[in-house]
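Notes for the one structure printed next.
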Amino acid sequence: MFLAVAGPLAAAPTASQAETSAKFVMHAPLRVLDPILTSAYVTRNHGYLVYDTLFSMDAAGRPQPQMVESWKVSEDGMAYTFKLRPGLVFHDGAPVTADDVVASLQRWEAGDATIGNRLKNATAELAASGADTFTLKLKTPYGLVLESLAKESSPVPFIMPKRIASAPASQAITETVGSGPYRFVQADFQAGVKATYVKFSGYVPRKEPASAFAGGKVAKVDRLELVNIPDSQTAVNALRNGEIDFLEDVPPDLMPQLKDAKGIALKSYGKNSNMFTLRMNWLQAPFNNVKVRRAALAALYQQDYLDAQIGDPEVYQVCGAVLTCVSPYASEEGATQIKAPDLAHARKLLKESGYAGEKVVVLHPTDLPIFANIAPVTAQALRSIGMNVEIQSMDWATLLSRRSKKEGVDEGGWSIFQSNMSSLDLISAVGNPNLDGRARTTYPGWTHDEVMDSLRNRFAAARSEDERRELALAIQRRNYEQVMYVPLGGYSKFKGYNAKFADLVDAPIPLFWTSPK
Amino acid sequence: MLNLIFKRVLAAIPVMLVVATVVFLLLRLAPGDPARVIAGDMASEQAVAEVRAEMGLDRPLPTQYLLAMGALLKGDLGSSIISKDPVATLIGQRLGPTMALAICAILLTICAAIPLGVFSAWWHKGLFDRITLALTVLAFSVPAFVVGYLLILVFSVKLNWLPVQGYAELASGFGTFLYHMALPTITLATVFVALITRITRGSMLEVLGEDFVRTARAKGVPERYVLYRHALRNAAVPIVTVIGLALTTLISGVVVTETIFNIPGVGRLIVDAVLARDYPVVQGTILFFSFVYVFINLAIDLLYVVLDPRIRY
């Protein structure tokens, strides 16, 4: 009876919206709007709608000018002068100036522990030299200036007005004003529920065709509404029913429901868009012993992880490259985990390491389905060579907090955690946090390796591709010698969308623009 | 009656303070760090420490407690650590969908369960009674998320009659409101229809065996008057008690239904806040629920007087 009343009473279904309006769903709720304060991917994606960048990476992974019109590099490579494109304006109508750029870059450098921090350490001076010109002078050779300014993943060096960017990186900004293709509608925002973006009429796209993050950005629709749907099954049903137009992340187990759905396209963000990773605690026994780390590595097998978590061989990719298999420097040297393990050899290594049965605590996040099955595979692999493993289940927020504890496992510490990282965060030899050898204040695991640090510094300073290729190979080898982290296999993330979004630019993350015509 | 209201409101104040203290301690002693949640997976320890200091979470626990309680005594529930919005505003934004869902569900429950219970009792041990009992057992046994997904599969995905998800305010039109509310209401009401049908049936069976009912029938009073004027009114006290409890459960326990149908209500607010360790939101929401419990229980007690004139406070 209730249904009989409700059906006819609905005069018009919600799907009947204006042609230039669309609803999209991200993988997580958008709660924090400051793209420098947080490294959350959902905030990064929000940032790409609202803000613009000085340089952007194209589909081939080369930095291309975006807000910058032209630039000059001194002969010794120690000084850069940049000139901004004419006509750049913020959403509040103010012109984009070099002062805004300098303030934004300084805040980004303070908030980015990887590439931003590295650029800051190499910089002698960053200053405006005119209304639309700024200079960057280096104190040490750094060959990745443009690559750094084109950094794709969190935190991205987005440009915002100086009055906003003057806030410390640890203090959330209170206004969302950028100069990107979409304007954020502050009044519509409900944290964790919905956000609205409208096409910014003052945005002047570049003339070049869109290529990944680079090129012309022509806003696809006039009005974009971000709605949060926490349940993946509901989101898939909503896409099938025409209630939403774009779903950022279709879980592998729900993909069959969309494969034959009428009017819905399912498309990969590219092979190895994400990678499962394993990190050991170098501060505590038993993994403070490199021989135990090597024994553990010898017991792991990527195929087991990928079968347990993804299941579909069409969706996952075995890959042992520490810079991911989409890197131009990809190598799988030393990656024993890409082949079936020789457990007898692993047991022998463990015996030789002097392992005395110390407890290994594997942290297991249960509330993130996309890698909830990874930890049990690790536990089983290590048990199979005789390690004393305890798996501890918790939610992701608890894991993040627990992971920062440096104490032993009996005092609340940990031995192993796994993560699911975007390849954008792993692809850079200097930005990949797992390869940071600067020790105890960096990414949990607290890898301390001066050789690795030196290799990364040399990579950053290198000015030729050949030199970088050679150093990348050395980094790959060093990672597996020291077992700084273990790639557990890649997979392709898939997006689902309807015809409205058929011609969006192809990129490793959702970008809602097309090429200029 | 005014005396009762005054006493109950006074008694609620220490209850609220105890609730606030317990929630404060539970949250702070539980693992998890909102600064880490905000800063993200790859933030350095230094960055997390700076965020923590910025949010005042590096202060000693007693200082944080005193600050929170001081604000609470002034009626300030604080602000979200994550979004910076006042907790009262967040609850205000989310209360509408939750109340709408709870009221629709309770109305559907009353409209369905009371007639079912009355007729089951009237046809005691008959076919209708047996079928109703069997259906109530089924409704009790099937979890809300299964009911929700089945309804979505049939009415949204297959028949395309109703939306999969979303919420429309009453201001957008009654038809649109009901169009979005139909499936969540049925999902949420299913278990309560079963519960109140059985309570009504049991209560009616007891009353229908009383002498005054037999006397009414002997006097030739029509059966519908016997059922509704004599029997149901006397059976109403336990039914109203359970409906009141159901309403409190509905307001505070709709998170599964809100999640399945993507309704941005208070249930979702509190679950998201727990996952993000947004302490002020969790604390404020629980305090709000405590207030709702006190208020509804008081309302039920007052309703007893209306239903049964023998009851005096």
From the option list A:ALA110, A:ALA127, A:ALA167, A:ALA98, single residue qualifying as aliphatic (A, V, I, L, M) and touching an Asp or Glu at 6+ places or on another chain (Cβ under 8 Å) is A:ALA98
Flagged in the stretch A:372-394 as of a type in the set (Val, Ile, Thr) and either over 23 Å from A:HIS345 (Cα atoms) or part of a helix (DSSP H, G or I) (or both), in numbering order, are A:ILE374, A:VAL377, A:THR378, A:ILE391
Inside the stretch A:52-102, can you point out the residues that are over 22 Å from A:VAL177 (Cβ atoms), of a type in the set (A, V, I, L, M) and in a strand (DSSP E or B)? A:MET57, A:VAL73, A:ALA79
Given the condition more than 14 Å from A:GLY489 (Cα to Cα), surrounded by fewer than 23 Cβ atoms within 10 Å (Cβ to Cβ), touching a Gly at 6+ places or on another chain (Cβ under 7 Å) and of a type in the set (Lys, Arg), answer yes or no: does some residue in the stretch A:294-313 qualify? no
Criterion: under 16 Å from the mean Cα position of the chain (by Cα) and farther than 30 Å from B:PHE24 by Cβ - qualifying residue of B:VAL255, B:VAL240, B:VAL266: B:VAL240
Could you list, in sequence order, all residues of the stretch B:54-68 that are assigned to a helix (DSSP H, G or I) and either modelled with pLDDT of 85 or more or farther than 30 Å from A:PRO433 by Cα (or both)? B:LEU61, B:PRO62, B:THR63, B:GLN64, B:TYR65, B:LEU66, B:LEU67, B:ALA68
So A:ARG279, is it crowded, with 22+ Cβ neighbours inside 10 Å and under 30 Å from A:GLU411 (Cα atoms): yes
Result of the Cβ filter at 7 Å on the stretch A:313-332, keeping first residues that are free of Cβ contacts under 8 Å to residues at least 24 places away in the same chain and partners that are surrounded by fewer than 20 Cβ atoms within 10 Å (Cβ to Cβ) and of a type in the set (D, E, K, R), at least 6 apart or interchain, is none
Filter the stretch B:69-91 down to the residues that are away from chain A (no Cβ under 14 Å), modelled with pLDDT of 85 or more and buried (at least 17 other Cβ atoms within 10 Å of the Cβ) and list them by number. B:LEU77, B:GLY78
State whether the residues of the stretch B:16-27 include one that is surrounded by 13 or more Cβ atoms within 10 Å (Cβ to Cβ), in contact with an Asp or Glu (Cβ under 9 Å, 6 or more places away or on another chain) and modelled with pLDDT under 85. no
Checking A:ARG440 against (1) out of contact with any His (no Cβ under 7 Å at 6 or more places or on another chain); (2) modelled with pLDDT under 90; (3) not hydrophobic (A, V, I, L, M, F, W, C), which test does it fail? (1)
Does A:ALA124 count as surrounded by fewer than 21 Cβ atoms within 10 Å (Cβ to Cβ), more than 14 Å from chain B (Cβ to nearest Cβ), hydrophobic (A, V, I, L, M, F, W, C) and under 22 Å from A:GLU69 (Cα atoms)? no
Of (1) more than 14 Å from every other protein chain (Cβ to nearest Cβ); (2) touching a residue at least 60 places away in the same chain (Cβ under 8 Å); (3) more than 27 Å from the chain's Cα centre (by Cα), B:ARG59 satisfies every one except (2)
Does A:ALA397 meet the test of being part of a helix (DSSP H, G or I), more than 14 Å from every other protein chain (Cβ to nearest Cβ) and under 30 Å from B:LEU29 (Cα atoms)? no
Flagged in the stretch B:242-265 as more than 12 Å from every other protein chain (Cβ to nearest Cβ) and either part of a helix (DSSP H, G or I) or surrounded by 24 or more Cβ atoms within 10 Å (Cβ to Cβ) (or both), in numbering order, are B:VAL242, B:ILE243, B:GLY244, B:LEU245, B:ALA246, B:LEU247, B:THR248, B:THR249, B:LEU250, B:ILE251, B:SER252, B:VAL254
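Yes or no, residue by residue, for (1) under 23 Å from the mean Cα position of the chain (by Cα); (2) under 18 Å from A:LEU278 (Cβ atoms); (3) exposed (fewer than 14 other Cβ atoms within 10 Å of the Cβ):
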residue	(1), (2), (3)
A:GLY354	no, no, yes
A:VAL361	no, yes, no
A:ILE374	yes, yes, no
A:ALA379	no, yes, no
A:ARG402	yes, yes, no
A:VAL409	no, yes, no
A:SER419	yes, yes, no
A:LEU435	yes, yes, no
A:GLY445	yes, yes, no
Hey, can you tell me all the residues within the stretch A:369-401 that are over 22 Å from A:ALA296 (Cα atoms) and either touching a strand residue (DSSP E or B) at 6+ places or on another chain (Cβ under 7 Å) or modelled with pLDDT of 95 or more (or both)? A:ILE370, A:MET394, A:ASP395, A:TRP396
Of B:ALA168, B:ALA112, the only residue that is more than 29 Å from B:GLN93 (Cβ to Cβ), within 12 Å of chain A (Cβ to nearest Cβ), surrounded by 17 or more Cβ atoms within 10 Å (Cβ to Cβ) and more than 18 Å from the chain's Cα centre (by Cα) is B:ALA112
The condition of being assigned to a helix (DSSP H, G or I) and at the interface with chain A (Cβ under 9 Å from one of its Cβ atoms) holds, among B:VAL48, B:VAL23, only for B:VAL48
Criterion: surrounded by fewer than 22 Cβ atoms within 10 Å (Cβ to Cβ) and either out of contact with any strand residue (DSSP E or B) (no Cβ under 7 Å at 6 or more places or on another chain) or over 16 Å from A:PHE24 (Cα atoms) (or both) - qualifying residue of A:ALA238, A:ALA212: A:ALA212
Could you grab me the full set of residues in the stretch A:7-55 that are at pLDDT below 50 and either small (Gly, Ala, Ser) or under 17 Å from A:LYS217 (Cα atoms) (or both)? A:GLY7, A:ALA10, A:ALA11, A:ALA12, A:ALA15, A:SER16, A:ALA18
Within the stretch A:254-267, can you find the residues that are in a helix (DSSP H, G or I), surrounded by fewer than 18 Cβ atoms within 10 Å (Cβ to Cβ) and of a type outside the set (A, V, I, L, M)? A:PRO256, A:LYS259
Please determine, by comparing only the residues of the stretch B:132-165 that are of a type in the set (Val, Ile, Thr) and more than 13 Å from chain A (Cβ to nearest Cβ), which one is farthest from the chain's Cα centre (by Cα). B:THR132
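The values are calculated or read from the model by the stated rules, or taken from the named source; none is laboratory data. Fair warning: this is a prediction, and the values are worked out from it, not measured in the lab. Here Cβ is always computed from backbone atoms with ideal geometry, including for glycine, and neighbour counts include all displayed protein chains.
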